[in-house]
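The values are calculated or read from the model by the stated rules, or taken from the named source; none is laboratory data. Just so you know, these numbers come straight off a predicted model, no measurement behind them. All Cβ positions, even for glycine, are placed from backbone atoms using ideal geometry, and neighbour counts span all protein chains on display.
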Amino acid sequence: MSIPQSGGGPIEHHDQLAEVLAKGCKPKEDWRIGTEHEKFGYCADTLKPLPYEGARSIKAVLEGLEGRFGWDRVEEEGNIIGLTKDGANVSLEPGGALELSGAPLETIHQTCDEVNSHLAEVKSVSDEIGVKFIGLGAAPEWTHEEMPLMPKGRYKLMNDYMQKVGTMGTSMMRRTCTVQVNLDFGSEADMVQKMRVAIALQPVAAALFANSPFFEGKVNGHKSWRSRIWRDLDDARTGMIPFIFEEGFGFEAWVQWVLDVPMYFVYRDGKYINALGMSFRDFLKGELPALPGEKPLLSDWADHLTTVFPEARVKQYIEMRGADGGPWRRLCALPAFWVGLMYDQTALDAAWDLCKHWTAEQRDALRIAASVDGLQAKVDGIDMYALAREVVAISEAGLKARAMPGAGGLVPDETHFLNALKETLETGETPADELLRKYHGEWGGDLKRIYAEYSY
């Protein structure tokens, strides 16, 4: 989760709120790809999740990466909570999952190199201390109590609030992992088209990448339990945000929606101030109960923008949020999937043509069906498997048109990064389907087999 912002000067007029977003507009040659992926750490001998402190802990992994690979530490109240290097950062999720937020890179080739390098660094440190990491959408066995909350002020506040809204917020915080990609836009109109395609087709990503059929040691009846959790978390800040499909949507409409989302915190002098449930609109008037008489800084607005969690969201780029964490090959397939759709205009138009006639009800139903049935989902005559085939084909055409070579020119484009998805479409088997087949077959119901076979 996001590192807090600071500074930026006071907000003196309303237009500044949309201007923050508009600053993200870039010419096509400057568009980049930022990939984020989370994975669960556990003790190799006990198969239990990692504590924050101790010989086998998240802290030990972070300090190992810092000491051995030249990362710079990020601290909060004396605790190491993250690392930064060359535009990338490593951070802690609330339940101790480790996240790489990659640097903004030009091609998927570079993204995949970054993923490989990161996982190799993590493995070299963690192997020495008896720690392993696994990429899944949800913790397969661990209970809420087994996953301690990491020492970050933001998480304590969120944890308290999540218990008052929805039913699954604390499960999301501690027991889910995702892979995301952040992509640029050229103009407001480009942002609008990309956001509409991103939201409408997020269920396709959820289905293709479904990888969480187990929870608390049992089969949970969903291909993506992570996606199920997100459906009952906090209606004010999650979901398929139908307003983006209305006429007139743009930066200002996004601002208005975010202003209506209750606040979590204000960050001042290295501390999180509790503003749970308060209104940013009141803050703009100098009437925030948590800071009476104070008006927000631009950094406060940047922070507030990170507290909305729809299936895709706008900051100074667009963030795709619908996919489960997974095995290594899919950490490169997810950005490839979206780059193919978003960074070639012909592909983007074709993707929009596929979904522009859907109603808000259909989009919602697709999201629900994707979490339950994965590629077997069917909604109002829309067949998820057939839809996924079309979408992946459009993405492949987009990557081919981008023609970004790799391996010193030996590889002509980025299309091979979709191979994991093409195999899924050939077999009809998502990662979740594969896990269930093994669980009911060769594993004989022994879920512990998942760690040896699927850890990085």
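A compact table of results
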read-out: Which listed residue is closer than 22 Å to residue 330 by Cβ, of a type in the set (Ser, Thr, Tyr) and at pLDDT 95 or above, from 42, 52; value: 42
read-out: Yes/no for residue 221 being part of a loop (DSSP other than H, G, I, E, B), modelled with pLDDT of 95 or more and within 30 Å of residue 105 (Cα to Cα); value: no
read-out: Residue among 313, 321 that is out of contact with any helix residue (DSSP H, G or I) (no Cβ under 6 Å at 6 or more places or on another chain), under 19 Å from residue 237 (Cβ atoms), free of Cβ contacts under 8 Å to residues at least 12 places away in the same chain and not in a helix (DSSP H, G or I); value: 313
read-out: Residue that is surrounded by the fewest Cβ atoms within 10 Å (Cβ to Cβ), among those in the range 354-368 that are within 23 Å of residue 215 (Cα to Cα) and touching a helix residue (DSSP H, G or I) at 6+ places or on another chain (Cβ under 7 Å); value: 367
read-out: Residue match in the range 394-409 (condition: at negative phi, in contact (Cβ under 8 Å) with a residue 24 or more places away in the chain, in a helix (DSSP H, G or I) and among the polar types (S, T, N, Q)); value: yes
read-out: Residue match in the range 377-385 (condition: surrounded by fewer than 16 Cβ atoms within 10 Å (Cβ to Cβ) and hydrophobic (A, V, I, L, M, F, W, C)); value: no
read-out: Filtered residue count, the range 160-186, keeping only those that are in contact with a Pro (Cβ under 8 Å, 6 or more places away or on another chain), under 19 Å from residue 228 (Cα atoms) and surrounded by fewer than 23 Cβ atoms within 10 Å (Cβ to Cβ); value: 0
read-out: Those residues of the range 262-283 which are in contact (Cβ under 8 Å) with a residue 24 or more places away in the chain and either under 23 Å from residue 81 (Cα atoms) or polar (S, T, N, Q) (or both), in sequence order; value: 263, 264, 265, 266, 267, 270, 271, 272, 274, 276
read-out: First in the range 284-307 and on the phi > 0 side of the Ramachandran plot, second anywhere and outside any helix (DSSP H, G or I) and of a type in the set (Lys, Arg), Cβ under 7 Å, 6 or more apart; value: 286/295
read-out: Matching residues, the range 265-292, being part of a loop (DSSP other than H, G, I, E, B), modelled with pLDDT under 95 and in contact with an Asp or Glu (Cβ under 9 Å, 6 or more places away or on another chain); value: 270, 276
read-out: Condition broken by residue 39, with the remaining ones in (1) under 30 Å from residue 452 (Cβ atoms); (2) of a type in the set (Lys, Arg); (3) without any contact (Cβ under 8 Å) to a residue 24 or more places away in the chain satisfied; value: (3)
read-out: Neighbours by Cβ (under 7 Å, 6+ apart or cross-chain): first from the range 1-29, of a type in the set (Ser, Thr, Tyr); second at pLDDT 95 or above and part of a helix (DSSP H, G or I); value: 6/299
read-out: Any hit, the range 323-336, residues being farther than 23 Å from residue 230 by Cα and not hydrophobic (A, V, I, L, M, F, W, C); value: yes
read-out: Residue list for the range 65-110, restricted to those being without any contact (Cβ under 8 Å) to a residue 24 or more places away in the chain and of a type in the set (A, V, I, L, M); value: 80, 83
read-out: Residue in the range 30-41 that is within 25 Å of the chain's Cα centre (by Cα), of a type in the set (S, T, N, Q) and surrounded by 18 or more Cβ atoms within 10 Å (Cβ to Cβ) present; value: yes
read-out: Hey, residue 119 hydrophobic (A, V, I, L, M, F, W, C), within 30 Å of residue 430 (Cα to Cα) and in a loop (DSSP other than H, G, I, E, B) or not; value: no
read-out: Listing of helices (runs of 4 or more DSSP H) fully contained in the range 132-213 that carry 3 or more residues being over 16 Å from the mean Cα position of the chain (by Cα) and touching a residue at least 40 places away in the same chain (Cβ under 8 Å); value: 153-162, 188-208
read-out: Hey, residue 112 buried (at least 18 other Cβ atoms within 10 Å of the Cβ), within 22 Å of the chain's Cα centre (by Cα) and not small (Gly, Ala, Ser) or not; value: yes
